[in-house]
Amino acid sequence: MKHMKTALFIALGITTIAFLFYWIATVRKYASDHRKSPTTRPMHESAQSVPASQNIDLLPVKANLVRFARAGKTVGFLQESVKVKDSGIDDLAAEVLVSEFAFADTLAQELATFYTYVKEQLGQGDDNLGEVRAKRMMQSDQVFDMRRAAYLLMRAIARDPSLVSRTMIANSLRRVEHFSDPFVSGNAQDALSIARKADEPRPSVGLPNLLEVGIGFVTNFFDMLGIGSFAPTTAVFKLGKLVSDEKIPGTLNVGHTMPTVAEAFISIAIMTVDPTTLISMILASCAGAWLGAGIVARWSRRAVQIGMGLALLVAAVFFLLKQLKMLPGDAGSVGVTGAKLVFAIAGNFVLGALMTLGIGLFAPCMVLVAMVGMSPAAAYPIMMGSCAFLMPTGSVRFIRERSYNLKAAIGLAIGGVPGVLLAAYWIKSMDVTKLRWVVICVVVYTASMMLRSAMVERSRRPVEVMPSIGN
């Protein structure tokens, strides 16, 4: 038993160190990315791009580009943009597209129209074959240069990302972003990516404020006492409008990871549980967190609101059952085998996935442990250990997707660890009965607000109108 605990402590330490290194490295890259201008040139350069020349007068070229743009002649515009071998023309063409935004609409529409024609009619579903047939059937001055069009649209959006807010341009780029030609698809993807990054609020990567640190201290203090931290933290974030709804799950997982690791070391050291049962259930919860976080991190704002609202109602039920002393007493074993172990493993897998929705593992895990006939006291090492391995596992996915509030997460981590250490001295004496009633009321109210927000979000959701593409 002693050797098993030592091995578990080593594994937990390695997992924690790896998580910290990954988080720090990602935060540094995150900060670096947001210091860069959104107009940084993407990687998918046009094959026709050449170095600038010092001896070419580009003013006549620009005049011709403007003339073609105002006449709506896309083929002429594209051909004029490659007549002179000078990279300055790329900037001129992009400038014209920004100023003549109606023509940018036309160019994007013809790009999507020609792609549809090439793929569906000429290629019978094969865009590469269709492109070859188009070049054979048409004279060179009739072929619409999709590569050049996609590249110049990307350069124009790099100058003014708001161009993507125009429905025609956005839908046309989305239509061709899966083209098998990497120059066309790559530039379309780059253009959409530039617009998304320009739309992202620039996050603060500095130190959190006292409120965020205080939230971490208080919620993790009571978390060590068995009340849980996810539901109270969600309630404070929601009521104080500190974190947007869709980023709350990731913020909870990332921010509460280090305090939970401290809880795991304490509970595993002072409480007894069968090592086979303990390790099996910990591994199951990690697998559930990995799969669950991958889904939740990509959910829409409304989907997260609904999921978290329902999850909080479930958590409130568990809190109420515990408060009314409807859970089994302390009698029971410290481990299980056979079918009961399989059931316990499957149950903890599900709880690991649910945790990434914002529902805490503690109360549900107590019920699961009681259902298989184990002592509730044995639940503490299992649920603390599960969360300690589970949260770094799930948090990596949230960090990679940038689906969390960095500043709030740092505040939870900084304030949470001291809260856990202080609670360890009080864990056997503090009366938390009245506080649990407050937590139940707050959780129910927050769940109702979350579901109401989802209904409001649905009613305000705009209907996207797809443009009609002509022949």
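Within region 302-315, residues that are under 15 Å from residue 456 (Cα atoms) and part of a helix (DSSP H, G or I) have Cβ atoms under 8 Å from residues that are β-branched (Val, Ile, Thr) and modelled with pLDDT of 75 or more in these pairs: 304/248, counting only partners at least 6 apart in sequence or on another chain.
Against the list (1) surrounded by 16 or more Cβ atoms within 10 Å (Cβ to Cβ); (2) at pLDDT below 70; (3) farther than 21 Å from residue 409 by Cβ, the condition residue 278 fails is (2).
When you go through 184, 218 one by one, which is the residue that is out of contact with any Phe, Trp or Tyr (no Cβ under 7 Å at 6 or more places or on another chain), on the phi < 0 side of the Ramachandran plot, modelled with pLDDT of 85 or more and not in a loop (DSSP other than H, G, I, E, B)? Steps first, please.
Numbers: 184 fails: modelled with pLDDT of 85 or more.
Matching residue, one of 184, 218: 218.
Is region 80-91 home to any residue that is in contact with a Phe, Trp or Tyr (Cβ under 8 Å, 6 or more places away or on another chain), buried (at least 18 other Cβ atoms within 10 Å of the Cβ) and either farther than 30 Å from residue 390 by Cβ or modelled with pLDDT under 85 (or both)? Yes, the conditions are met somewhere in region 80-91.
Of the candidates 319, 349, the single residue that is modelled with pLDDT under 80 and under 17 Å from residue 368 (Cβ atoms) is 319. Only residues that are crowded, with 24+ Cβ neighbours inside 10 Å and either in contact with a Pro (Cβ under 8 Å, 6 or more places away or on another chain) or closer than 12 Å to residue 405 by Cβ (or both) were counted in region 244-256, giving 8. For region 160-168, state whether one or more residues are modelled with pLDDT of 85 or more, surrounded by 18 or more Cβ atoms within 10 Å (Cβ to Cβ) and either touching a helix residue (DSSP H, G or I) at 6+ places or on another chain (Cβ under 8 Å) or closer than 30 Å to residue 409 by Cα (or both). Yes, the conditions are met somewhere in region 160-168. In region 330-342, the residues that are among the acidic types (Asp, Glu) reach residues that are outside any helix (DSSP H, G or I) and modelled with pLDDT under 80 with C-beta atoms within less than 6 angstrom, at least six apart or across chains, in these pairs: 330/375. Only a single item in (1) assigned to a helix (DSSP H, G or I); (2) at pLDDT below 85 is not met by residue 266, and it is number (2). Please state which one of 177, 212 is modelled with pLDDT of 80 or more and in contact with a Gly (Cβ under 7 Å, 6 or more places away or on another chain). Just one listed residue meets the conditions, 212.
Looking only at region 256-275, filter to residues that are closer than 18 Å to residue 229 by Cβ and of a type in the set (A, V, I, L, M, F, W, C); which one of those is farthest from the chain's Cα centre (by Cα)? It comes out as 266.
When region 403-442 is limited to residues that are within 18 Å of residue 247 (Cβ to Cβ) and either of a type in the set (S, T, N, Q) or not in a helix (DSSP H, G or I) (or both), the one that is modelled with the lowest pLDDT turns out to be 403. Would you be able to say whether some residue in region 115-134 is touching a Lys or Arg at 6+ places or on another chain (Cβ under 8 Å), modelled with pLDDT under 75, surrounded by fewer than 22 Cβ atoms within 10 Å (Cβ to Cβ) and within 24 Å of residue 70 (Cβ to Cβ)? Looking through region 115-134, none of the residues is touching a Lys or Arg at 6+ places or on another chain (Cβ under 8 Å), modelled with pLDDT under 75, surrounded by fewer than 22 Cβ atoms within 10 Å (Cβ to Cβ) and within 24 Å of residue 70 (Cβ to Cβ).
The values are calculated or read from the model by the stated rules, or taken from the named source; none is laboratory data. Because the structure is a prediction, the values reported are computed rather than measured. Using ideal geometry, Cβ is built from the backbone for each residue, glycine included, and neighbour counts are taken over all protein chains shown.
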